[in-house]
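Below is one structure, written out as structure tokens, with a few remarks after it.
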Amino acid sequence: MKSIKQATKEFDMEEIRRRAAEARKKARLRSSTSDTKRDGSHQNSYRCPKCKDEEGFLTRSEDGAEIWRICDCKGARRSERLFKSSSITEKFQQKSFNSFSLNVDPGVLSAYHCAKEYAKTFGDLIKSKEKNNGIALLGQVGSGKTHLLMAIANHLIRHGVQVVYFPWVEGFNEIKDNLSLLDERIQQLQKAEVLYIDDVFKGRSRPTEFQIEQLFAIVNYRYLEGKPIMISSEKTMNEMCEFDQAIGSRISEMCENFTVVIDREMTSNYRLRKDKVVL
Ligand SMILES: Nc1ncnc2c1ncn2[C@@H]1O[C@H](COP(=O)(O)OP(=O)(O)OP(=O)(O)O)[C@@H](O)[C@H]1O
Ligand SMILES: [Mg+2]
Ligand SMILES: [Zn+2]
């Protein structure tokens, strides 16, 4: 009987041969469809000439064996795909820690440090299988909560982590407009590597039963699976618990290592500042 190692090796060779044949076929196809420049010379449309957009290429190892090497462009392409599927708009992709002014009230500064620390230690949190691996920035309107969580999301995506963005009001409007997508969307929010819910429980009135039910399905799934959430809300944990204790207490536990509540003071509202820099 073949050992597992032997079988794996044979499988690897088979895989390499398959990829090589595929790469040759694609290369032939591409060269036959390459554009012709005005001067008559050919230019191909590869974004990465090194791997001909295969994200890897066949090469030989030191001992002469044919190996598949991953190209440097693969990471950037993954981030590009992750940004596209994250629902993060181009404007939000500009938000970063560098563009966040530190000339702010102490509560906002704590939120900044908390967010920075979270971004820095995210990899370790996941590796250590820490269950309480979320972050919540709560309180004062216009104080930079969304900006800071976006800075984290952008940082994570650039490092290859999948983040899905769900803005409370717009997200539910979209679902209401197309209820046939409900199951698919909720599953996506449950299973994303990281879920960022912006402005949880926003609105002058109570959240609807429908919103509570869907949010519970999402939060409870992630709670049981130990999957990270990022939450921004004008509400405090207590206020969230008043709306729904099952949801509020789970969010509170999941984010207990990274929660900042920014006091409700108008001086912390960046939108009202005369010296604000608008990007
Ligand atoms: N310290 C800061 N430096 C630079 N820009 C900031 C800062 N704080 C907030 N902003 C900018 O001010 C605007 C409002 O901030 P943001 O949307 O992040 O606030 P928020 O706390 O999420 O508000 P809301 O509770 O209304 O959702 C954004 O354009 C954001 O980029
Ligand atoms: Mg916000
Ligand atoms: Zn490449």
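Among Gly160, Leu182, Phe100, whose Cα lies farthest out toward the positive end of the dipole of the chain, if unit charges sit on the beta carbon of Lys, Arg (+1) and Asp, Glu (-1)? So the residue furthest toward the plus end is Gly160. DSSP finds beta bridges in the chain, and of those with both partners inside it, around 30 percent are antiparallel. Applying 1/(1 + (r/R0)^6) with r as the Cβ-Cβ distance of Asn103 and Glu66 and R0 = 35 angstrom yields a FRET efficiency of 0.05. Distances between placed amide hydrogens fall under 5 Å for Cys48 paired with Asp53, all partners being 5 or more residues away or on another chain. Placing a label point 7 Å from the Cα of Glu265 along the Cα-to-Cβ direction, the residues of region 91-109 with a backbone N closer than 19 Å are 101-109.
With N residues in the chain, what two-decimal value do you get for its Cα radius of gyration over 2.2 N^0.38 Å?
Here the Cα radius of gyration is 1.28 times the empirical estimate.
Measuring nothing but how far apart in sequence close Cα pairs (under 8 Å, 6+ apart) lie, relative to its length, the chain scores a relative contact order of 21 percent.
Helix screen, the chain: DSSP H segments with Cα axial length of 18 Å or more and mean Kyte-Doolittle hydropathy at least -1.0 are 106-127, 145-158, 209-225. Based on the Stokes-Einstein relation at 20 °C and a viscosity of 1.002 mPa s, and on the Kirkwood radius from alpha carbon pairs, region 185-233 is assigned a translational diffusion coefficient of 190 µm²/s. For Ile135, the amide hydrogen comes within under 5 Å of the amide hydrogens of Ile229, Met230, Ile231, counting only partners 5 or more places away or on other chains and with H modelled in the peptide plane.
Only helical runs count toward this figure. For the chain, summing -39,500 (n - 2.57) over DSSP H runs of n ≥ 4 and dividing by all residues gives -16000 deg cm²/dmol at 222 nm.
With neighbours defined as other Cβ atoms within 10 Å of a residue's Cβ, the residues Val194, Val261 order from fewest to most as Val261, Val194. Among Arg271, Arg185, a tally of other beta-carbon atoms within 10 Å of each Cβ gives an order, fewest to most, of Arg271, Arg185.
Coordinate-derived values only; no laboratory data. Quick caveat: nothing in here was measured; it's all calculated off a predicted structure. As a convention, Cβ positions derive from the backbone with ideal geometry for all residues, glycine included, and neighbour counts pool all protein chains shown.
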